[in-house]
Structures are given as structure tokens and as C-alpha cells.
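What follows is a short report on a single structure.
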Amino acid sequence: MVLACQNISKAYGAHEILNHIDFHIEAKEKLAIVGINGAGKSTLLKIIMKEETADEGQIIIGKDVSLGYLAQHQDIYYGKTIYEELLDVKQETIELETQLRQLETDMKHLSGEELEEAFRRYNHLNHIFEMQDGYAFESRITGILKGLGFSEEEFDRPVAELSGGEKTRVALGRLLLSKPDVLLLDEPTNHLDLDSIAWLEGYLKSYDGAVIIVSHDRYFLDKIVTKVLELENACGALYHGNYSYYAGKREEIRLSKYRAYMNQQAEIKHQEEVIAKLKQFNREKSIKRAESREKLLDKMERIEKPRQIHDEMRLTLTPAITSGNDVLTVEGLSKSYDSKPLFSDVSLDVRRGERVALIGNNGAGKTTILKIINQLLPKDSGRIALGSQVYIGYYDQEHQLLHPDKTILDELHDAYPDMTNTKIRNVLAAFLFTGDEVMKEIKELSGGERGRVSLAKLMLSNANFLILDEPTNHLDITSKEILENALNNYEGTVLYVSHDRYFINRTATRILELQATGVTSYSGNYDYYMEKKIAAAADTETAPKAVKEETDSKKDWKKNKEAQAKERKRLNDIEKTENRIEELEQQIDRLNEEMTLPENASDAGKLTELSLEQDAATKELETLYTVWEELSS
């Protein structure tokens, strides 16, 4: 065990963030901390790093275990270049090298015991130097900086001139070079392109120390982590496996709880209907049966209603106008800035119903292409043509089309005055805005919340061609799942730019890879793209699969027909039984009346005959009550 959190609790006023969080991590283990925005993920990292204090519990760190922490925002490093910042991490090693070089010089002029003592000291320092990676740290610096997306020409750039994202990459480089026993990384992929993320995946998978990661990049987590800690409603749940295992297991547990609740609710409703029917029969036996069922129902241990499963929401939106089959055609598109080519000879097409992901390295021009298509930027050359009846809905990273002083509800109401309040609220609920939350003003929202409002607004528009620029930025995992479901159920056409490979994998039907000299098309999701890129695998024969699917389909159809026939028979038997019960009840009532008639009261033979007939009808009625209850169950 290198690090353990024991019963960590934290609250801000009455708002509880963490409630008795308990987990540990062993050497070389890779742990992900996941949860919605505000669940306490970053707070937990800060408590581990003693930047914040827990209200309860303790952090236990193994003997001689070093921690390294990457926060989301960096406000450091002035006066040095990018390369010098990383070189600064190895200052102790550089000083050791200086001592070694000095000893080498000194030993040329020593002899006897002084030489032996200097040689012993040299061997000792050289051992430490080797342990500190002294002979390879400069190449490691170069490798790390290149891996994080810096070219050698950028190594001499002053850090003071860098953007916030670039400073974060420098901070990550410093951290990786320092090789702590436990790496704590808060959103390490936020400012990396796909190649850099892939490089970091490989680096962390083979990292000798333990790693704790907070990230919304599910594909990244899938490749690295061996354990997942989920923070939800201030509580923690630990899953042993990668992200996909966690997601599947979480879904299985949630659906199991939800089904158990719904099944019990159905059973309660059914029992109440049976009780009401038994009372309606209005016989002593049927009333006793009803009372017996009521007692059992009162003793039933009720399952508490699970919290609403947001990622179970399904939003299906159909554009009011259907476009033609050819939605977008781009031919020979080129763009330069200050005579420096960004891309050239870009040709692509998008057809109705496709969900196309445009991918490529940072700076390749993906966002520029989207802006050119939306006529927000001029092109240098090329042709862009929209198909028949195509109406674009555009989502950018800045959410510039929202009014800061409006409430969420007013923002959508004003945009769509003819739309019913119910429809607007349903769409907002699908994007996690429920109840009084819809009355929040736009200016009070976080970046992720504003993104969700923009997406909800876009999905309600008359657009049949959605163009989205980094739609998952600032969204938590649950919000991403909502968006994935919305896009997968959207009946229009989608073209988007995203670095979120899990999102691409779940939504894309085709991938366009942008490079400086054009675009390459891959029909399939991100896994298919990677398979083609890495293995150049041949197309898989799909005919046997189609036959199997057809066979399975026939089997399912047959099972459904059998089930439907069985259900029809059950309902028919219930109807027959109820009709017979009604006949017997009328017969028993008629026999009672006949037995009280004066002419029969004095006729012993007739009374015996009527009594025997009544007994037979009563016995049959009791049997039919049992049959009816079984059929009703």
C-alpha cells in the first residue's frame, strides 16, 4: 500500500461533498476517480495533497513515498524557456554531474590515499547519478516534450508567452520527468491533441509508480486504469477493472435496482387489483382471501425508489424538414494564415443521416473548416455546396449565442415562442435541467452548464444538419452520455469536431482524418479507424453475420409469437373463469332464495336436493377463486 484514504468527509456549510470515502492504492496501480461536475473529485485530490483539510478521516502515505500533483490550472513559470523548465527538475542531477566532472579533473593531479578517497567518492556519486537517470535525462526531456506536442523549434520559447493550456503541458512534463511514486493528475488530457493523448496513455500504462487520475476522457481511462472510484451523492463506490467494466457494472447495478423497484411496484398494483376484485365478488371466502392478501401486502418490505437514472433518458428529435441525400460537398478547400498554409486540397462529402467526426492534430484546421462551412471565415480556394433543403445548426466552443441575463427557460422560450412549455422542459430535463434549475440565469452557469443549454437549444431548432465544435468540452460523463444518446437518436445529419475518442466511438458512423494535404475517410467508429490505422486490416466479411442476424431475428419472432399466444390464452381463461364465478354466485343466490320459499321449507327432499346443489356450487366457486388468483398472477 502506497496511499490510503480512510473515511474522508468534507462539507462546505450544509453542502456535503464527500461522505466517508474509503480506498487505497498499491504500487503500480492505476486508479480513476469519476463523477459528475461538483462530485468532489478535485477536492479529494487537494485533500490528499494537503491543499485542503478533511472534516473527518485521514490520509495515510507509505514510508518514503513521494507524491506529484497536476492541477487543472497552472499559474507558474516565468522567466524560463520550455526546455529550461524541465531542465530545472533535474537540477540536483546536473549539480552531481558538475561534481563528477570536477572530481575527474582533480583525480588527474592526485595520488596515493587522496586518489583512493577521491575514487571512492567518485564511484558513490556516479552510482547516485545513474540512479537519477543522469546519462539519459536530456533525451528523456526531449522525448517527453515531443510526446506532449512541442516541436524542437518550440523548446526555446519563453514560458511567459505560452497559453494556459501550453503551460499545463509544461507542468505535466515537469511532473513526468520527476517520476514521483504516486502521480495525481487532474484532467491531464484537456490540452493535448490525439497523438499526445495516445503518447501519454502509453507512458502511464508502463509507469513504474501508482497513478490517480481525474478525467472525463473515458477512452483514455479505459486504456490505463485498473480500478475506478465513483463519487456520487457524496458517497464512494469502488470497481475493480477499467472504465468499460465500471460503466457496464454500474449500469447493471442501477438497472437491477430500478427493475426491482418497478417489479415491486407492478406487484403492489397487481395485488391491490386482485384484492379489489376479491372484495367485489362479495363472498365470505373471497373477502377472507382479500384480507389475507392485504396483510401480506402491509408486511411487504418496500424498495425505496432509486434516484432518477439520467443516462436512461432517451431523447428522439426529428427535424421538421427532411434534407436531400447529399447534405454537404466540399472540393479543393484551402486556407492559409500570413502566407503559411494551414491545409490544402480538402475534399469531403456528408450524406443524410450520417454522423461524421472530423479529427486531426491540434492546429490542423478542423475548427477553421467548420467556420468556413458556416460562412464565419472566408476560404482561400475551393468549393462548398449544401444540398437541397439543408438547414444548418451550429454549436461553437464559446457559446456566444446565449443571453447572459436570461433564465435557461426564457432562453429557450424566447427562441421558440410557439413551442409548448412541456416540450421545452422535457428537452431541458434530458440535458439535466429539472425543477427550479431552469430558472437559473445564464450568467450564473458554469461552462459545462452553458454548453448543455446551447446543445438543448440547438436540438430544438429546425436544423436538419448539426455542425458541432467540441460539443463534449466541459461536460461531465453523465452529460456526455445524454448527448451521445441524443445524437444517436437524432434523425438528421451531424458533422462534428471532437477530441473525445469514447464519444466518437459511440456516435460516429464515419471518420474524416484531416492532414495538411487533404482528408482520408474511414467508414466506421473510432475503434475501426484505429484498427485500420494500426493493423491495416482487411475488410471483414459480413455475409455470415447477416445470415446469423436473420436467423436470430426469426427465432426472436417465433418466441414473440409463442409468448403472445400464451398471453392471449391466459387472458381468455381469466375471462372464462370470471364469467363462471359470476354464474355460480347467481346460482348460489337463487338456491338461497328457493330454500326460503314456504313450499320448499316444508319439503325435506327438496331442501336436501337444493342443499346438495348449493354445496357443489360453493365448492366449485372456492376452486375457481384459487384458479382465478393463479391466472391473475
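Read-outs throughout are calculated quantities, based only on the coordinates presented, and are distinct from any laboratory measurement. No experiment lies behind these values; they were computed from the predicted model shown. Note that we place each Cβ from the backbone using ideal geometry, even for glycine, and neighbour counts take in every protein chain shown.
Computed with the Debye formula from one identical point scatterer per Cα of region 248-307, without solvent, the log10 of I(q)/I(0) at q = 0.28 Å⁻¹ comes to -1.07. Charge dipole of region 248-307 (Cα centre as origin; +1 on each Lys and Arg Cβ, -1 on each Asp and Glu Cβ, all else neutral): 80 debye, rounded to the nearest 20.
Considering all different alpha carbon pairs of region 559-632, the Kirkwood hydrodynamic radius works out to 14.3 Å. With R₀ fixed at 35 Å, the C-beta to C-beta distance from A237 to K576 puts the FRET efficiency at about 0.10. With the cut-off at under 16 Å, measuring from each backbone N in region 82-110 to a point 7 Å along the Cα-to-Cβ line of I59 picks out no residue.
The distance from the alpha carbon centre of region 490-510 to that of region 575-610 is 74 Å, rounded to a whole number.
Values of log10 I(q)/I(0) for region 325-378 across q = 0.19, 0.29 Å⁻¹ run -0.71, -1.39, by the Debye formula with one identical scatterer at each alpha carbon and no solvent.
The fewest-to-most ranking of I574, I511 by surrounding Cβ atoms within 10 Å reads I574, I511. For region 142-282, taking Cα atoms only, Rg and Dmax work out to 24.9, 93 Å respectively. Taking 7 Å steps out from each Cα toward its Cβ at E84 and T596 produces label points 11.2 nm apart. Compared with the direct C-alpha span, the chain from K440 to L607 gains 52.1 nm at full extension, assuming 0.36 nm per residue.
Ordering T226, T472, T623, T43 by the number of other Cβ atoms within 10 Å of each residue's own Cβ, fewest first, gives T623, T226, T43, T472.
Classify the chain: rounded, prolate or oblate, from the alpha-carbon gyration tensor (a ≥ b ≥ c, eigenvalue square roots; a/c under 1.5 rounded; otherwise prolate if a/b is larger than b/c)? Cα axes put the chain in the prolate bin. Put a plus charge on the Cβ of each Lys and Arg, a minus charge on the Cβ of each Asp and Glu, and nothing anywhere else: the dipole of the chain about its Cα centre is then about 1200 debye. Considering the dipole of region 559-632 built from charges on the beta carbon (Lys and Arg +1, Asp and Glu -1) around the Cα centre, which of T608, Q587, T577 is farthest to its positive end? Of the listed residues, the answer is T577. When shorter helices are ignored and each DSSP H run of at least 4 residues is given -39500 (n - 2.57), the per-residue value for the chain at 222 nm works out to -16000 deg cm²/dmol. DSSP beta bridges confined to the chain are antiparallel in about 55 percent of cases. Rounded to whole Å, the principal axis extents of the Cα atoms in region 413-499 read 32, 27, 19, largest first. Solvent-free Debye calculation, one equal scatterer per alpha-carbon of region 77-175: log10 I(q)/I(0) at 0.11, 0.17 Å⁻¹ equals -0.45, -0.76. Sites counted here are trypsin sites (Lys or Arg not before Pro) in a DSSP loop (not H, G, I, E or B) having no more than 12 other Cβ atoms within 10 Å; the longest part of the chain that contains none of them is 315-633. Run the paramagnetic zone check for E531: 7 angstrom along Cα to Cβ, then residues of region 468-506 with backbone nitrogen under 15 Å. Zone members listed by number: 505-506.
Sequence gap at least 6, Cα distance under 8 Å: using those rules, report the relative contact order of region 559-632 to the nearest whole percent.
Normalised by residue count, the contact order of region 559-632 is 44 percent.
With bins 5 Å wide beginning at 0, the percent of Cα pairs of region 326-540 falling in each bin runs 1, 7, 15, 18, 19, 15, 12, 8, 4, 2, 1, 0. Pairs from the list K288/K619; K269/K559; K30/K227 with a Cα-Cα gap above 18 Å: K269/K559.
Between region 41-100 and region 151-208, the C-alpha centres lie 13 angstrom from each other.
Per-residue 3J(HN,Hα) values for region 474-482, derived from phi via the Karplus relation 6.51 cos²θ - 1.76 cosθ + 1.60 with θ = phi - 60°, read 6, 8, 6, 5, 4, 5, 4, 5, 4 Hz in sequence order (x marks Gly and Pro).
What FRET efficiency, computed as 1/(1 + (r/R0)^6) with R0 = 41 Å and r the Cβ-Cβ distance, is obtained for E301 and E251, rounded to the nearest 0.05?
Values: r = 25 Å, r/R0 = 0.61.
After rounding, the FRET efficiency stands at 0.95.
Pairs of alpha-carbon atoms within less than 8 angstrom and 6+ residues apart define the contacts here; what relative contact order does the chain have, in percent? Intermediate values should be presented prior to the final figure.
On the way: 938 pairs, mean separation 78.4, N = 633.
It comes to 12 percent, rounded to a whole number.
Going from the residue with the fewest nearby Cβ atoms within 10 Å to the one with the most, Y496, Y528 rank Y528, Y496.
Shown is the FRET efficiency for Q132 and E152, computed with R0 = 25 Å from the Cβ-Cβ distance and rounded to the nearest 0.05: 0.55.
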